[in-house]
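The block underneath contains the structure these notes are about, expressed in structure tokens.
The values are calculated or read from the model by the stated rules, or taken from the named source; none is laboratory data. Computed from a predicted model, the values in this text were never measured in an experiment. Here Cβ is always computed from backbone atoms with ideal geometry, including for glycine, and neighbour counts include all displayed protein chains. Please note that ligands, DNA and RNA were not included when accessible areas were found on the heavy atoms of the full protein model with its side chains. Shrake-Rupley method; radii C 1.70, N 1.55, O 1.52, S 1.80 Å.
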Amino acid sequence: MLRALERWRRIGVDGRHLTLEALLLVVYVRCALWCSPFAQVEQRFHPRSPIAAQRRNASGDAEQVAEAVRRAARRVPGASCLTQALATRVALGRRGVVGELRIGVAKDASGMLEAHAWIEFEGRVLIGDLPDLARFQPLPPLRGDAV
């Protein structure tokens, strides 16, 4: 408990605010995915404007958002890769930063189909990176997600 409080104190006021925002987003997205079809959820959490505002430190903001979402997702049961990717996209959009939602599919060792979601930003995986991510064949971008 003391270690958790110390880590919480170390992330600073801005980090705590961002983590609380991320926690609310992760919970909201998780509940939405549980209660509604994916198409409705994706539409609800789609960025309002496809054009990113010019940001002086967009890359730094994006990294901080992704880290906050990862921290929050550890506390939310069922916070899947899709939940985290959608929450990250919303939080980025609030900061004028556009991340591309990618969903890929692959077969596991037994031949069963698997899916994985991640966010790409500036040519790299921002959230949802896996050691074997390359085995997932990305599906075509969803409506208006091409960067």
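Can you find even one residue in segment 42-58 that is of a type in the set (D, E, K, R), touching a helix residue (DSSP H, G or I) at 6+ places or on another chain (Cβ under 9 Å) and within 24 Å of R7 (Cβ to Cβ)? I'd like the intermediate steps shown before the answer.
Within segment 42-58, the first condition is being of a type in the set (D, E, K, R), and the residues that meet it are 42, 44, 48, 55-56.
Next, only the ones that are touching a helix residue (DSSP H, G or I) at 6+ places or on another chain (Cβ under 9 Å) stay: 42, 44, 48, 55.
Imposing the further condition that a residue be within 24 Å of R7 (Cβ to Cβ) reduces the set to none.
Among the residues of segment 42-58, not one is of a type in the set (D, E, K, R), touching a helix residue (DSSP H, G or I) at 6+ places or on another chain (Cβ under 9 Å) and within 24 Å of R7 (Cβ to Cβ), which makes the answer no.
As a summary of the residue check, L126 satisfies the conditions (1) out of contact with any Ser or Thr (no Cβ under 6 Å at 6 or more places or on another chain); (2) farther than 17 Å from T19 by Cβ except for the one numbered (2). For segment 61-107, a residue qualifies if it is aliphatic (A, V, I, L, M), open to solvent by 40 Å² or more (accessible area, probe 1.4 Å) and more than 13 Å from the chain's Cα centre (by Cα), and exactly one does: V105.
Within segment 10-24, can one find any residue that is of a type in the set (V, I, T), at pLDDT 95 or above, within 20 Å of G128 (Cα to Cα) and assigned to a helix (DSSP H, G or I)? The answer is no; no qualifying residue exists.
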